[in-house]
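A.B. asks: Here you go, one structure.
What follows is calculated from the coordinates using simple rules that are stated; it is not laboratory data. In this text, all values refer to a predicted model and were calculated from it rather than measured experimentally. Note that each Cβ is placed from the backbone with ideal geometry, even for glycine, and that neighbours are counted across all protein chains shown.
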Amino acid sequence: MKTDTIAAIATGMSNSGIGIVRISGEEAFSVIDSIFRNRKGERVSLSLAQSHTVHYGYIYDGDEKVDEALVIIMKGPHSYTAEDTVEIDCHGGVLMVRRILETVLHAGARTAEPGEFTKRAFLNGRLDLSQAEAVADVIHATNEYALKSSVSQLSGSVSNKIKELRSQILYQIAFIESALDDPEHISLDGYGSQLMDALAPMIDEARKLLLSADDGRVMSEGVKTVILGKPNAGKSSLMNVLLGEERAIVTEVAGTTRDTLEEHIYLQGISLNVVDTAGIRDTEDVVEKIGVDRALKAARDADLIIYVVDGSRPLDESDREIMDFIRGRKTIVLLNKSDLDLEVGTEELEQLCSHKVIPVSAKEEQGIELLEQEIKKLFYHGDLSFNDQVYITNARHKEALEQCLESLLMVKGSVEDSMPEDFYSIDLMNAYEQLGFIIGESVDDDVVNEIFAKFCMGK
Ligand code: GDP
C-alpha cells in the first residue's frame with residue numbers, strides 16, 4: 001500500500017541546542033535528496049546511502065541555504081514507523097526548526113497529524129496498540145514509577161500477559177469447535193471439568209491484572225491524598241514541609257485554612273496530589289462548615305488519608321469523629337508536635353486508630369522521612385523493584401479486562417449449569433475479543449484514531 005509522506009518537528013517548541021524534523025514515508029528519501037547538499041554545496045543522493053548513517057551538510061530551500069544540518073537515514077522496515085525515515089538535526093531555534101519543516105513540506109511531504117508516526121508503527125505491525133499507548137505514557141510520565149511502568153509496557157510486558165491469556169482461551173475455543181465439527185474423533189465427554197480446571201488460572205490472572213489497575217492508576221496519576229485533622233493540629237505546617245516552601249498559610253487561629261488547596265508534591269519518585277482542607281470539627285460557622293464538608297467529601301474518595309493529630313492536646317470529640325471516619329481506609333496517622341510534651345501516646349493512638357502511627361514534628365521537620373517510607377510501602381510495596389509485576393495503567397485496558405473477566409465467569413456459570421458446549425465458546429470468544437482490543441486486534445478505526453489523536457505532534 002502506498003502511503004503519503006509525513007513530516008513534523010519532533011522536538012519541543014522552545015529554543016534549544018538542537019531541533020529535529022522527522023520525515024517518514026515512501027518519498028522520505030526523495031524529499032531529502034531535493035533539499036540536501038554536502039559541505040561543498042553539491043547535491044548528493046542520500047537515498048543511495050546505507051541505512052542508519054549520518055550525513056553532514058546543508059538544507060537548501062531552492063537556492064537559499066537554510067541551515068547546516070546532520071541528516072540521519074533509516075530505511076524501512078528498520079525505523080520507528082517501519083517506513084523509510086529521515087531525521088534532520090538542525091539548530092534548535094524555534095524559527096529555524098519551523099523553517100526546516102516548511103522546506104520539507106515544500107519538497108512534497110505533508111504535515112503529520114498528532115501521533116501519526118506512532119500510528120504508522122502500529123499499522124505496520126512494529127508495535128501493538130498497548131505498546132503504542134505506552135509511548136504516550138512514557139512521554140507524559142510525571143514520576144519515576146509511571147515512567148518505569150510505561151517503559152515496561154512499551155517493551156511488551158502488558159502485551160505478553162494478554163497474549164498468553166488469549167492463547168489459553170483460543171486453545172479451548174479451538175478444542176470445542178473441532179469437537180463439534182468432528183464428534184466421531186474428538187469427544188467432549190468430561191470436557192466440562194477439564195474446562196473448569198483450565199478456567200481457574202485464567203480467571204485468577206484476569207483478576208490479578210485488574211487488581212493491579214488501582215495501583216496502576218495511582219502510579220500514572222499520582223496518589224490522591226487528603227490531610228485530615230482538627231484545626232491547629234498542624235496540617236498546613238505539614239503541607240509546607242512536604243512542599244518545601246511556605247505556600248499554605250499557617251496561623252495560630254483555629255480554622256483558618258478554609259478553602260481546599262490542591263498541590264502536587266513529588267516525593268522520592270512518587271507523585272502525591274494533596275488536597276489540603278479545613279479541619280474537621282462541629283461548627284456553626286457556615287464558611288468553615290463548607291470546608292469541613294469538602295474535607296470529608298474529598299477524603300471519601302482519596303487514595304490516602306494523612307490524619308494529623310495534635311499530640312500537645314488531649315484527644316477530643318473531633319478526633320474521635322475522624323477516627324471513626326478513617327476506619328478501614330488507607331490512612332497514615334501522624335502524631336504531630338512531638339517536639340513538645342505529649343498528651344497522647346503513640347501506642348494508645350495506634351490502638352484507637354488501628355493504623356500505623358508515626359510521631360513527627362512538622363515544625364522541626366522531624367519524622368517526615370518515615371512518612372515518605374510508609375507511603376512507598378503502602379502504594380508500591382517498598383522500592384522501585386516491581387520488575388516482574390505488570391501494572392494496568394490504562395483505563396481502556398481495564399475496561400476490556402473487566403469485560404473479559406465477566407465473560408470468563410459466564411463460561412464458568414455455563415459449565416456449572418451443564419449448558420451445551422457451544423454456549424461456552426460464545427463467551428470464550430467474547431473474552432478473547434476483549435483481550436484483542438487491548439493489543440489492537442479487531443479495534444475500530446475510530447478508536448485507533450481517538451487514541452493517536454491524544455499524542456503530541458511529532459510523535
Ligand atoms: P492547621 O490548622 O492544622 O493547618 O495547623 P497549622 O499548620 O496552621 O498549625 C497550627 C499551629 O501549630 C501553628 O502555630 C504552628 O506553628 C504550630 N505547629 C504545627 N506543627 C507543629 C509542631 O510540630 N510542633 C509545634 N511545637 N508546633 C507546631
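A.B. asks: Report, ordered by chain and residue number, the lysines lying within cross-link reach of Lys363, taken as a straight Cα distance under 16 Å and ignoring same-chain residues fewer than 8 apart.
C.D. replies: Output for Lys363: Lys235, Lys337.
A.B. asks: What residues qualify as long-range amide H neighbours of Leu267, i.e. H under 5 Å apart, gap of 5 or more or another chain, H built at 1.01 Å from N?
C.D. replies: Residues meeting the criterion, in which the H sits 1.01 Å from N, are Leu272.
A.B. asks: Still on this structure: Give the cross-link partners of Lys40 among the aspartates and glutamates, using a straight C-alpha distance below 19 Å as the criterion and excluding same-chain residues fewer than 8 apart.
C.D. replies: Straight-distance partners of Lys40: Asp61, Asp63, Glu64, Asp67, Glu68, Asp89.
A.B. asks: So what's the stretch 4-126 giving for Cα Rg divided by 2.2 N^0.38 Å, two decimals?
C.D. replies: Output field value: 0.97.
A.B. asks: Then there's this: Ranked from highest to lowest mean number of other Cβ atoms within 10 Å per residue, what is the order of the peptides 42-52, 360-370, 403-413?
C.D. replies: Result, highest mean Cβ count within 10 Å first: 403-413, 360-370, 42-52.
A.B. asks: Next up: If you plug each phi of the stretch 6-18 into the Karplus form 6.51 cos²θ - 1.76 cosθ + 1.60 with θ = phi - 60°, what whole-Hz ³J(HN,Hα) values come out, in order, with x for Gly and Pro?
C.D. replies: Rounded to whole hertz, the list is 10, 8, 7, 7, 8, 9, x, 8, 9, 4, 8, x, 10.
A.B. asks: If you don't mind, there's one more thing I want to ask. What residues qualify as long-range amide H neighbours of Lys356, i.e. H under 5 Å apart, gap of 5 or more or another chain, H built at 1.01 Å from N?
C.D. replies: It is Val333, by chain and number.
A.B. asks: Give me P(r) over the chain, computed from all C-alpha to C-alpha distances, binned every 10 Å, as integer percentages.
C.D. replies: Per 10 Å bin, starting at zero, the Cα-Cα P(r) for the chain comes out as 4, 16, 18, 17, 18, 15, 9, 3, 0 percent.
A.B. asks: Please list, in chain and number order, the residues 5+ apart from Asp67 or on another chain whose amide H is under 5 Å from its amide H, with Hs placed from the backbone.
C.D. replies: Those lying under 5 Å, H to H, from Asp67 are Ile59.
A.B. asks: Just want the answer: with Cβ charges of +1 for Lys and Arg and -1 for Asp and Glu, which residue in Pro231, Ala213, Pro201 is farthest toward the dipole's positive end in the stretch 184-243?
C.D. replies: Positive-end residue among those listed: Pro231.
A.B. asks: For Asp444, what is the net charge nearby, where nearby means another residue's Cβ is under 13 Å from its Cβ and Lys, Arg count +1, Asp, Glu -1?
C.D. replies: -4
A.B. asks: Starting from the 7 Å offset along Cα-to-Cβ, what nm value, one decimal, do you get for the label separation of His52 and Tyr171?
C.D. replies: Each label point is offset 7 Å from its Cα along the Cβ direction, giving 3.6 nm.
A.B. asks: Counting DSSP beta bridges in the chain, what percent are antiparallel, to the nearest 5?
C.D. replies: 65 percent
A.B. asks: Report the charge-dipole magnitude of the chain in Debye, nearest 20, computed about the Cα centre from +1 at each Lys and Arg Cβ and -1 at each Asp and Glu Cβ.
C.D. replies: My answer is approximately 1560 debye.
A.B. asks: What are the lysines whose alpha-carbon lies under 28 Å from the alpha-carbon of Lys163, with same-chain residues fewer than 8 places away excluded?
C.D. replies: Within the straight-line limit of under 28 Å, Lys163 reaches these lysines: Lys119, Lys148, Lys208, Lys398, Lys412, Lys454, Lys459.
A.B. asks: Run the quick spin-label model on Lys40 and Thr111: label points 7 Å from Cα toward the beta carbon, then report their separation in nm to one decimal.
C.D. replies: Reported label-point gap for Lys40 and Thr111 is 3.9 nm.
A.B. asks: Give me the one-decimal nm value for the distance between modelled label points at Val447 and Glu184, 7 Å along each residue's Cα-to-Cβ direction.
C.D. replies: With each label placed 7 Å out from Cα toward Cβ, I get 4.1 nm.
A.B. asks: Helix-only estimate, please: 222 nm mean residue ellipticity of the chain, summing -39500 (n - 2.57) across DSSP H runs of length 4 or more and dividing by its residues, to the nearest 500.
C.D. replies: The per-residue figure over the chain is -15000 deg cm²/dmol.
A.B. asks: Next question, about the same structure. Taking θ as phi - 60°, what are the ³J(HN,Hα) couplings along the stretch 134-142 by the Karplus curve (6.51, -1.76, 1.60), each to the nearest whole Hz, with x for Gly and Pro?
C.D. replies: Once rounded to whole Hz, the list reads 5, 4, 5, 5, 4, 5, 9, 4, 10.
A.B. asks: May I ask you to evaluate 6.51 cos²θ - 1.76 cosθ + 1.60, the Karplus curve with θ = phi - 60°, for each residue of the stretch 107-120 and list the ³J(HN,Hα) values in order in whole Hz, giving x for glycine and proline?
C.D. replies: Result, rounded to whole Hz: 7, x, 7, 10, 5, 6, 7, x, x, 5, 5, 5, 4, 5.
A.B. asks: Then there's this: Could you work out the local net charge near Val218, counting Lys and Arg as +1, Asp and Glu as -1, over the other residues with Cβ closer than 9 Å to its Cβ?
C.D. replies: Working: positive: Arg217, Lys224; negative: Asp214, Asp215, Glu221, Asp303.
Around Val218, the charge tally is -2.
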